[in-house]
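Just so it is clear, none of the values below were taken in a lab; they were calculated from the coordinates. Treat the numbers as computed from the prediction; the structure is a model and nothing was measured. With ideal geometry, Cβ positions are generated from the backbone for all residues, glycine too; neighbour counts draw on all protein chains shown.
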Amino acid sequence: MMKKTAGSGNAPELLHQISFSFVPSRVLAAAVQLDVFSHIAAGKKTADAIARAAKANQRGMRMLLDALTGLELLAKRNNEYSLAPIAARFLVRKSPDYMGAILEQDGLYEGWMHLADVIRTGKPVRRVEEEEKATQFFPILVSTLHILNRDPARRTAQVLGAGSARKPLSVVDVACGSGVWGIAMAEAFPQARITAQDFGAMLDQTRKYVQRHGLEDRFDYLPGDLKQVDFGKERFDVALLGNIVHSEGERSSRNLLRKLYRALRPGGKLAIIDMIPNDKRTGPPFPLFFALNMLVNTEAGDTYTLAEYKQWLNDAGFSRVKTADIGSHSPLIVGIKA
């Protein structure tokens, strides 16, 4: 997006670019759905060869490939296309770091097509926080999120004292998805034991990732809805909320923070990773956009400011709150139980 503001002399051009800003995401989705990156990785170099492999129109494929070149996902020389490093690593299906699964279907995009109606009515297109919808939607999403959050999860473990623990550490990863946050803790803390909590069907996905990381003997599983599950009393040293609060809404989140305060031992830490706008809600853009994503896809979800999180944590009983940079879209928030 252009850096100039709508009040500048280039305002019409800015508005024109905003109106077309959906195009790069649709170009990328079409390329994933046609498996363009995998075809190029397999040795198809020309628009004609790639179109044949994808069973697509040659003219349309040439235009798509040129657009991908403009996005710097491909390089072009003598009418032959090659993968940029980012595409080779993250967009080829056989790559262990493949992130294209969420783009293989248009479900996320189709929800946003109804944004005006959602704003008129206040009713979401779907409620992905409910078990039935969650078990349909999140297995598609978690493979992308696992790669996206892998490095921030490792940095979170460092902030929480990786390598410093000299005694067994009990960790709960709430609504864990792939288990990326808990896996990072297990890898960083040799003495840690992780309890992965999520809907039962989602925990089937978690087990696959835990097995992939060779950590089967370090994980326990707690199936259920986070709103109803019993986390116990003074059972854990660390609780992880990795991109969970935004889908729950204020009331559910406050209740969850109180439950986790009770579940933590004295000196225990609650780590919150989420999209956080500034306290005036004027930026950064991504957390503000993501609030609308929650409007479209959840009953009560939103994004919350650091001031709100601090108030909620204090109200739940956490006497100290600190933040840390984990190289993600927002800072890590850590509440510490006295």
| said: What are the equivalent ellipsoid semi-axes of segment 11-97, built from the alpha-carbon gyration tensor (square roots of five times its eigenvalues), in whole angstrom, biggest first? | reply: 24, 15, 12
| request: Filter the cross-link list LYS167/LYS322; LYS45/LYS76; LYS123/LYS227; LYS167/LYS269; LYS227/LYS259 down to pairs whose alpha-carbon distance in this structure exceeds 19 Å. | output: LYS167/LYS322; LYS123/LYS227
| Pairwise Cα inverse-distance average, inverted: Kirkwood Rh of the chain (Å) | 21.8 Å
| field | Computed helical MRE - 222 nm, the chain, DSSP H runs ≥ 4 contributing -39500 (n - 2.57), nearest 500 | value | -14500 deg cm²/dmol
| task | Mind running the shape call on segment 139-290? Use the C-alpha gyration tensor, a ≥ b ≥ c as the square roots of the eigenvalues: rounded below 1.5 for a/c, prolate if a/b tops b/c, oblate otherwise. | result | rounded
| note | Ranked output for segments 262-272, 194-204 by mean other Cβ atoms within 10 Å, highest leading, reads 194-204, 262-272
| said: List the trypsin sites (Lys or Arg not before Pro) within segment 1-103 that DSSP assigns to loop and that have no more than 11 neighbouring Cβ atoms inside 10 Å. | reply: LYS3, LYS55, LYS94
| Candidate lysines for bridging to LYS208, where Cα separation is under 18 Å - those fewer than 8 sequence places away on the same chain excluded | LYS94
| said: Please compute the Kirkwood hydrodynamic radius of segment 195-281 from all pairs of different C-alpha atoms, in Å with one decimal. | reply: 14.3 Å
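At a threshold of 8 angstrom on Cα-Cα distance, excluding pairs fewer than six apart, so keeping six or more, what relative contact order does the chain reach in percent?
Relative contact order, the chain: 12 percent.
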| field | Peptide ranges 10-23, 169-182, 96-109 listed from the most packed, as the mean C-beta count within 10 angstrom indicates | value | 169-182, 96-109, 10-23
| query | Taking the alpha-carbon centroid of each part, what is the distance from segment 13-46 to segment 65-91 in angstrom? | reply | 10 Å
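Out of all DSSP beta bridges in the chain, what portion is antiparallel? Express it as a percent rounded to 5.
Looking only at bridges with both residues in the chain, the antiparallel portion is about 40 percent.
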